[in-house]
Amino acid sequence: MAIPLLAVPAIAAAQRLGSRVLREGMSGSDVRTLQQDLTKVGLSTPAVGTFGSKTETNVKRFERKHGLKANGIVNAAFVAKLEESVSSSLQEDTVKSTNSTKSKSGGSTGGAGPTGGSGTTGTTGTSSSTYDIPQVPHNGQSAHLGNRVLREGDEGHDVRVLQDFLSLAGYSTQISGTFNSPTEKSVETFQSDQGDSPNGVVSYALAYDLRVAVAQMQNVRYESAHLNSEGLAVAPADAPTVVKEIIKAANSIAHKPYIYGGGHQSWWSAGYDCSGSTSFALHFAGLVSAPEDSSEFETYGSGGRGKWVTMWTNAGHVYMQIAGLWFDTAAQSSANGNDRWSNVRISSPDGFIERHPDGL
């Protein structure tokens with residue numbers, strides 16, 4: 001007679017990093033390994049074994065730096081790149097330790113390397129190198145973002161680049177060349193999203209992080225917005241915050257009737273005309289301070305098509321394409337359910353000037 005086997009409680013095996021996809025809210029030994037490895041590559045992360053907001057922030061920073069999709073999800077591609085970075089970091093630490101030992105013992109290091117202005121050893125060109133960037137006088141003549149620390153009150157071409165890059169990264173900022181209060185607010189928001197303390201000061205490291213963020217956004221292929229069952233737009237998950245705000249505002253008036261002059265006397269109106277609708281959507285995303293008519297939009301923002309938002313405007317009409325969807329009062333027909341949103345183009349581009357919000 002066969003002896004029945006006793007049921008043995010399953011013992012949870014330790015998870016190896018890479019054995020499953022990780023995201024915020026998960027726990028385990030693989031999460032702790034992830035946090036330890038992030039710290040090894042310079043992204044200080046408490047090894048608590050729980051995937052919290054700090055871990056997600058550092059995962060996104062690593063993704064941006066290495067050209068991965070910045071979604072905070074740790075998949076096989078992420079783990080492979082992280083392991084490669086940890087290995088590289090350990091090799092560099094070994095070399096530094098060896099050179100330091102030789103230097104203390106009087107051994108030859110193979111000749112002195114180039115030195116910077118402060119007499120420090122020149123950089124090797126690796127991502128972990130410490131760059132000795134000289135201070136540039138605050139005289140408005142600095143040509144490159146990252147050549148000096150920027151703060152409120154500074155002026156110059158590098159400030160214009162900063163403002164442009166902030167907008168490209170999804171933090172809409174007027175390009176004026178003057179580091180004003182709105183620019184400081186955008187910097188603080190970017191710092192918070194990076195997991196840094198928001199002090200509004202653009203350090204060398206923050207300028208680098210911003211360049212990485214912009215490069216990442218320019219290399220990512222974004223999905224388009226789509227219409228839900230109510231005829232309202234659903235923004236792509238990876239869209240910049242400012243684009244989501246435009247769509248949210250446009251949704252709130254999408255089914256309001258067309259009224260000539262509507263939206264120009266007050267933001268809150270029983271109906272809106274074409275320029276009133278466009279102004280409303282842009283205003284509640286922080287992109288215009290007062291309603292503009294279609295003629296005024298001919299000089300708005302920057303010329304040509306934008307990556308996320310493009311406006312077609314002339315003396316008589318203005319409409320937009322936002323994340324692939326059309327927002328146009330000409331779409332308000334009985335067949336379209338009085339909805340400004342449309343999957344297809346309604347108005348012809350002939351005779352219109354193309355403009356887009358700066359950075360979008």
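The values are calculated or read from the model by the stated rules, or taken from the named source; none is laboratory data. None of the values given here were measured: they were computed from a predicted structure. Neighbour counts run over all protein chains shown; Cβ positions are idealised from the backbone, glycine included.
Quick rundown of the values:
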{"item": "Restricting segment 76-89 to residues that are modelled with pLDDT under 90 and of a type outside the set (A, V, I, L, M), the residue that is surrounded by the most Cβ atoms within 10 Å (Cβ to Cβ)", "result": "85"}
{"item": "Counted residues, segment 212-234 - those being surrounded by 17 or more Cβ atoms within 10 Å (Cβ to Cβ) and at pLDDT below 85", "result": "5"}
{"item": "Complete set of residues in segment 197-211 that are assigned to a loop (DSSP other than H, G, I, E, B) and either exposed (fewer than 13 other Cβ atoms within 10 Å of the Cβ) or at pLDDT below 85 (or both)", "result": "197"}
{"item": "Single match in 269, 224 (criterion: in a loop (DSSP other than H, G, I, E, B), under 24 Å from the mean Cα position of the chain (by Cα) and hydroxyl-bearing (Ser, Thr, Tyr))", "result": "224"}
{"item": "Qualifying positions in segment 168-184 - assigned to a helix (DSSP H, G or I), closer than 15 Å to residue 207 by Cβ and either free of Cβ contacts under 8 Å to residues at least 24 places away in the same chain or within 13 Å of the chain's Cα centre (by Cα) (or both)", "result": "168"}
{"item": "Test for residue 228: is it touching a strand residue (DSSP E or B) at 6+ places or on another chain (Cβ under 6 Å) and polar (S, T, N, Q)", "result": "yes"}
{"item": "Matching entry among 359, 351, 276 (being among the small types (Gly, Ala, Ser), crowded, with 20+ Cβ neighbours inside 10 Å and assigned to a loop (DSSP other than H, G, I, E, B))", "result": "359"}
{"item": "Conditions (1) touching a residue at least 60 places away in the same chain (Cβ under 8 Å); (2) under 28 Å from residue 164 (Cα atoms); (3) in contact with a strand residue (DSSP E or B) (Cβ under 8 Å, 6 or more places away or on another chain): number failed by residue 329", "result": "(2)"}
{"item": "Among the residues listed as 315, 285, 323, the single one being farther than 15 Å from residue 247 by Cβ and of a type in the set (A, V, I, L, M)", "result": "315"}
{"item": "Residue within segment 322-343 that is basic (Lys, Arg) and modelled with pLDDT under 90 present", "result": "no"}
{"item": "Every residue from segment 279-316 that is of a type in the set (A, V, I, L, M) and in a loop (DSSP other than H, G, I, E, B)", "result": "285, 287, 288, 290, 315"}
{"item": "In segment 57-81, residue nearest to residue 17 (Cα to Cα) [restricted to those that are of a type in the set (A, V, I, L, M) and not in a loop (DSSP other than H, G, I, E, B)]", "result": "79"}
{"item": "All positions within segment 229-250 that are closer than 16 Å to residue 319 by Cα, over 19 Å from the mean Cα position of the chain (by Cα) and touching a residue at least 60 places away in the same chain (Cβ under 8 Å)", "result": "233, 250"}
